[in-house]
Structures are given as C-alpha cells and as structure tokens.
Amino acid sequence: MEKLYLIHATIAVEPAMEPSGWLKEAFLLIEGGVIEEISPSPLSPQRVDGAEVLDLSSRAVTPVWINGHTHLSQTFLRGLVGDRPLLRWLREAIWPLQQAFSPEVLEVAALLGLAENIRSGAGLVVDHQKITHDVSFTEKVYKAAQQSGLRVWIARAWSDRGSGAENPKAVMEELERWLSNNKANQRVKFANGPLAPWRCSAETLQATHQLALQYGAFTHIHVSETQEEVKLTWDEYRKHPVEWLESLGILGEHIQIVHGVWVQEPELQLLAERKALVVHCPVSNAVLGSGIAPLGDFIERGIRVRLGTDGPASNDVQDCFETMKFALCLARAANCKPSLIPPRLALEVAWGKPGLRRGEAADLAILRLDTVWTAPVHDLDSALVLSARASNVESLLIEGDWVLRDGKILTIDEETLIKEGSALLKWLRQKAGLED
Ligand SMILES: [Zn+2]
C-alpha cells in the first residue's frame, strides 16, 4: 500500500461534494489503502510528503465496477450457445463439459476469467462457483481469487434435487468449511450459492441461508431467468419463485436474486419490501433469448439493483462496459422511453455507489478519456456509459494496491495462461467426448 498523490485528474465524486458528480483538474491522496483526501485544489506539501505523484490529465478516476454475477469457470465454455434456449444449452453443452473439468482446468479458467474482469474495470466480482466435484475444485478458485488482488465473493453453488443433486448434509458441511474462512477485512469471501428454486429443497435452502447469515454472508441464487423455470416452480407450489422464497422466510436484504427476468407484479412488491438485491444480467438474457428484465420497474420501485455479466458461456464475455450500456439501451427500448436510466444512474448502478468519497478504501479505476471512441468529451457520464469500452480502463487499484497499472495486469500472467488454456481446452473437449 503505497502513498499516492493523483493530480490533475477528473474525479467521480458523490453529488453531495459536487452536484455534477465530477471534480475536474482535481487532486486525490491515497495513504494506507484509504482515500485520505479529494480536493479541487492542490494539497499542502506536508500532506503529500513522500507520496508518488501521478499526473492524470486526460484520465477519469472513478469507483471500480461491480460484476455482480459470473461463473469464472466458463471462460472455457464460450461460444457454445448456438441457437439453443437455456435448459437445452445446459443439458447438451454446458453440463457435459463441466463434468469433465479437472482442478487444473478450473484454476486456469478462473485466472483467465479474473484477468478479463480486471481489464473490464471490475474490482468486485461475485463468482457463482458451479464446478464442485470435490473440495479441491473450490480450493483452486479460492487460490486464483486471492492471487488476483480483487475483491471476490465465491458463492459455492449446489443443488439437492434433479440431475447432479448433492446430499444436503454434505452441502452443509462443505459450505460451513468455506464460510468459516470469512473475515471482515479479507478481499476473498464465501457465500451460499443455491442454483435455482426448482433445483433446491425448501429445507436445505433455509438451512444454508441461516448458515450464510451466521458467517456474515448472503445467498446468491438464479431466479426466474426463463418462463420455463417459472412454470416449474408454479406447477409444483402454485407460487411464483420470489413468492416461494418469501414463503420460506428467506427473502430479505441478504438474498441476491440473479436475473429476475420474469418476475410478476406481486413479486416486484415483495422484492422492494424485503430489500432484496436483484442482479441484472441483460446481455446473457438477450444471448439466450430469455427475455428482458424490467430494470425500469426495479428502479422505479426502489429495488436494489446491481449489474452482472453472467458467465462467458452465455454472454460470451465479461465486459462491465458492454453490460452497462446494454442495460440502459434495453430498458429504454423496451419502454419506448429515452428518459429512462440517465447515464449517471447507470454508472451508480454499475459502481454500487454514487461516487468516490474521502475515508473509504481506495478501490478505484483510472480510465483514459483521450481515445478515439471517447474524445472529445462533451458529457462525462455519457462518455463513460455510451462511448467508453473496457479498453479505456488503464489502471485498477484495490485498497491502494495496483492490480492493473498502465495497461499491464500485475497479479496474473495473461500470456502464459492464454497459451495453457488453449492446450487444456483441447484436452477438456476430448474428455467430454466432443472431440476424438
Ligand atoms: Zn448464472
């Protein structure tokens, strides 16, 4: 954790500090991993004594992006959707390949996936970790996440019904093993990751949720991604999926509803009342032809929303910028309403906060504004949401530590991993019976 003094930067701040949300030609001091000061004028020489000084003219300094839902393992499963809907795609392509994974393949996949997130400005990633043949697999993801330097929540996935069902007692034991690692100041933590309502029993969902709460974590679950899935829950319980979760007594601020494409009117009300978090994955939902989640309704009702790329198997990239633009554009198109989701709101949803603030951890992204797709900048919010790409991200710091600096990832050796990945993919396809 170095002492850093950023000068002449365009800094995204909370509107309480500057109504436009941007301080131009401004100054920011990082010390001990914390944003010590943000100021429109230079700081005194005494305060910045010993700091490395970086001139960030033509650069924006912003909060990091949040990738609220992904499956890191799926960097090895890109390009397989074809023309298949969700459940057929899972049964025919994804599940056989996932079954063939080795711990080594998962480690390379996770590292490549984390590198992709770093390049996309994501400083916080929620990985719904589905390859759980034995504990050595999640251990590899844990190791990769720690190596990346990012903040990562690993939601250990499970199901105790249908194909691939696990024994509930074994699920509880393994979850407790992971969750008991959680400490407040750690960057990598564990959460409960039931796959979907129709794949989980009421009892195990309730028990695992209680366990997650006990260790300061949450439950992260796919809900109402397709109409077919909604029907599965309706046919069995005569309830919509969110209503079913409510009937189990687990709907609340510590539950993350991933997708929510087909939530119905009473479910929207429940999500708002219970302060549940919805993770909106618009690109994945569009690629799989699942539908368009009602982002406008979520926001209008004050439902907490985050954005997620979903795994590269159904996206087929983890690009926070693409996801942010897509979210805004789809919501406007679906409602024929150009005033829906102003660019600053899209940024706040993508960052999970209004802007940078003095006294908080120095998690920040540095973006070039002088690129052909952003310059000249007329409006900073629009430039970031509608024009900028992941490649505008030049540097990324977590708690003042460089993860990406001047375009180079410092924690992961991308070149070697890309080569290793190609060789391992051939092996994986053979093992899964997709190649001779
Ligand atoms: Zn998913």
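Report yes if Glu394 is closer than 22 Å to Ala327 by Cα, surrounded by fewer than 22 Cβ atoms within 10 Å (Cβ to Cβ) and modelled with pLDDT of 95 or more, otherwise no. Judged against the criteria, Glu394 is not a match. Restricted to the stretch 216-241, and to residues there that are at negative phi and among the basic types (Lys, Arg), the residue that is surrounded by the most Cβ atoms within 10 Å (Cβ to Cβ) is Lys239. Of all residues in the stretch 302-314, those that are within 12 Å of Gln74 (Cα to Cα) and assigned to a helix (DSSP H, G or I) have Cβ atoms under 6 Å from Cβ atoms of residues that are within 13 Å of the ligand (Cβ to nearest atom) and aliphatic (A, V, I, L, M), 6 or more apart or on another chain, in Ala313/Leu77; Ala313/Ile94; Ser314/Val287; Ser314/Leu288.
Taking each residue of the stretch 27-40 that is touching a residue at least 24 places away in the same chain (Cβ under 8 Å) and looking for partners that are hydroxyl-bearing (Ser, Thr, Tyr) and surrounded by 20 or more Cβ atoms within 10 Å (Cβ to Cβ) with beta-carbon atoms closer than 9 Å, six or more apart or interchain, yields Leu28/Tyr5; Leu29/Tyr5; Ile30/Tyr5. Does Leu111 qualify as being at negative phi and within 16 Å of the ligand (Cβ to nearest atom)? Considered against the rule, which asks whether it is at negative phi and within 16 Å of the ligand (Cβ to nearest atom), Leu111 comes out as no. Among the residues of the stretch 69-89, is any away from the ligand (no atom under 16 Å from the Cβ) and farther than 28 Å from Gly260 by Cβ? Checked against the condition, which is being away from the ligand (no atom under 16 Å from the Cβ) and farther than 28 Å from Gly260 by Cβ, the stretch 69-89 yields no hits at all.
Restricting the stretch 315-328 to residues that are part of a loop (DSSP other than H, G, I, E, B) and not charged (D, E, K, R) leaves a set whose member that is modelled with the lowest pLDDT is Asn315. Restricting to the stretch 277-301, what's the tally of residues that are within 17 Å of Leu345 (Cβ to Cβ), more than 16 Å from the ligand (Cβ to nearest atom) and part of a loop (DSSP other than H, G, I, E, B)? Going through the stretch 277-301 one residue at a time, the tally reaches 2. Can you find a residue that is in the same structural domain as His69 (by TED's automatic domain parsing), within 16 Å of the ligand (Cβ to nearest atom), farther than 18 Å from Lys231 by Cα and within 20 Å of the chain's Cα centre (by Cα) anywhere in the stretch 249-267? Checked the stretch 249-267: at least one residue is in the same structural domain as His69 (by TED's automatic domain parsing), within 16 Å of the ligand (Cβ to nearest atom), farther than 18 Å from Lys231 by Cα and within 20 Å of the chain's Cα centre (by Cα).
The rows are residues; the columns are (1) surrounded by 13 or more Cβ atoms within 10 Å (Cβ to Cβ); (2) of a type in the set (Val, Ile, Thr).
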{"residue": "Lys3", "(1), (2)": "yes, no"}
{"residue": "Ala16", "(1), (2)": "no, no"}
{"residue": "Gly21", "(1), (2)": "yes, no"}
{"residue": "Leu29", "(1), (2)": "yes, no"}
{"residue": "Gly32", "(1), (2)": "no, no"}
{"residue": "Ile35", "(1), (2)": "yes, yes"}
{"residue": "Ala51", "(1), (2)": "yes, no"}
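Evaluate the following for Ala51: is it touching a helix residue (DSSP H, G or I) at 6+ places or on another chain (Cβ under 6 Å) and either more than 16 Å from the ligand (Cβ to nearest atom) or at pLDDT 95 or above (or both)? For Ala51, the condition - touching a helix residue (DSSP H, G or I) at 6+ places or on another chain (Cβ under 6 Å) and either more than 16 Å from the ligand (Cβ to nearest atom) or at pLDDT 95 or above (or both) - is not met.
The single condition among (1) basic (Lys, Arg); (2) outside any strand (DSSP E or B); (3) farther than 19 Å from Leu245 by Cα that Lys189 does not meet is (2). The residues of the stretch 231-276 that are among the hydrophobic types (A, V, I, L, M, F, W, C), part of a helix (DSSP H, G or I) and touching a residue at least 40 places away in the same chain (Cβ under 8 Å), listed by number, are Trp244, Leu245.
Checked against the criterion of being free of Cβ contacts under 8 Å to residues at least 24 places away in the same chain, over 25 Å from the mean Cα position of the chain (by Cα) and either assigned by TED's automatic domain parsing to the domain that holds Gly121 or surrounded by 17 or more Cβ atoms within 10 Å (Cβ to Cβ) (or both), the stretch 337-360 contains one or more residues that satisfy it. One residue stands out among those in the stretch 311-331 that are of a type outside the set (A, V, I, L, M, F, W, C) and out of contact with any Pro (no Cβ under 9 Å at 6 or more places or on another chain): the one that is surrounded by the fewest Cβ atoms within 10 Å (Cβ to Cβ), which is Glu322. Among helices (runs of 4 or more DSSP H) entirely within the stretch 57-165, having at least 2 residues that are modelled with pLDDT of 95 or more and under 30 Å from Val34 (Cβ atoms) singles out 103-119, 135-148.
Given Thr219, Thr208, which one is touching a residue at least 12 places away in the same chain (Cβ under 8 Å), closer than 17 Å to Trp158 by Cα and more than 16 Å from the ligand (Cβ to nearest atom)? Answer to the selection: Thr208. Please verify whether Thr226 is within 16 Å of the ligand (Cβ to nearest atom) and more than 23 Å from Phe137 (Cβ to Cβ), treating the condition exactly as stated. When the stated conditions are applied, Thr226 passes them. For the stretch 306-316, the condition of being on the phi > 0 side of the Ramachandran plot and either in contact with a helix residue (DSSP H, G or I) (Cβ under 9 Å, 6 or more places away or on another chain) or within 16 Å of the ligand (Cβ to nearest atom) (or both) holds for at least one residue.
The values are calculated or read from the model by the stated rules, or taken from the named source; none is laboratory data. These numbers were taken from a predicted model, which means no experiment stands behind them. Glycine also receives a Cβ, built like all others from the backbone with ideal geometry; neighbour counts cover every protein chain displayed.
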